[in-house]
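I have placed the structure first, in the form of structure tokens, so that the comments after it can refer back to it.
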């Protein structure tokens, strides 16, 4: 058995953070992410890899919500991915009026619905930018 297989077997995989027997916050195959316990945390390249995977998952989800997804311009796709990433699948689906407006091609109305939300109150700068990108199809 090679070292990779040994470590996978010995450490076991855990998709969520946990406290290891040494008392460190740990994730995955025993990755110490606890700064106070000498852990390396994440390298930016690792975070970029996770972000790419998360964005791909968002896009798959959005394709299921919007039948005309492939026809959307890149700016509006980016705005929707941004929103879906921040809110998660369930949170995004709570924007039923916005989703209906987009599916009718009513981007102005969709932007208004996006701004008429707790999300817009909680992250106003991000929400204004995303809504304007939905409204116009022009990147900020």
Item to check | Failed item in (1) farther than 30 Å from residue 99 by Cβ; (2) assigned to a helix (DSSP H, G or I), with residue 17 passing the rest | outcome: (2)
Checklist entry - Out of the residues in region 64-81 that are in a helix (DSSP H, G or I) and exposed (fewer than 13 other Cβ atoms within 10 Å of the Cβ), which is farthest from the chain's Cα centre (by Cα)? => result 71
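Residue-wise test of (1) under 17 Å from residue 137 (Cβ atoms); (2) surrounded by fewer than 17 Cβ atoms within 10 Å (Cβ to Cβ).
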{"residue": "83", "(1), (2)": "yes, no"}
{"residue": "90", "(1), (2)": "no, yes"}
{"residue": "95", "(1), (2)": "no, no"}
{"residue": "101", "(1), (2)": "yes, no"}
{"residue": "104", "(1), (2)": "yes, yes"}
{"residue": "109", "(1), (2)": "yes, no"}
{"residue": "112", "(1), (2)": "yes, yes"}
{"residue": "116", "(1), (2)": "no, yes"}
Checklist entry - Could we say that residue 134 is farther than 30 Å from residue 6 by Cα and in contact (Cβ under 8 Å) with a residue 12 or more places away in the chain here? => result yes
Checklist entry - Of the residues in region 24-62, how many are closer than 24 Å to residue 5 by Cα and in contact with a strand residue (DSSP E or B) (Cβ under 6 Å, 6 or more places away or on another chain)? => result 7
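Every number here is computed from the coordinates shown, using simple stated rules; none is lab data. Predicted model, so just to flag it, every value in this text is computed and none were measured. For neighbour counting, all protein chains shown are included, and Cβ atoms are generated from backbone atoms with ideal geometry for every residue, glycine included.
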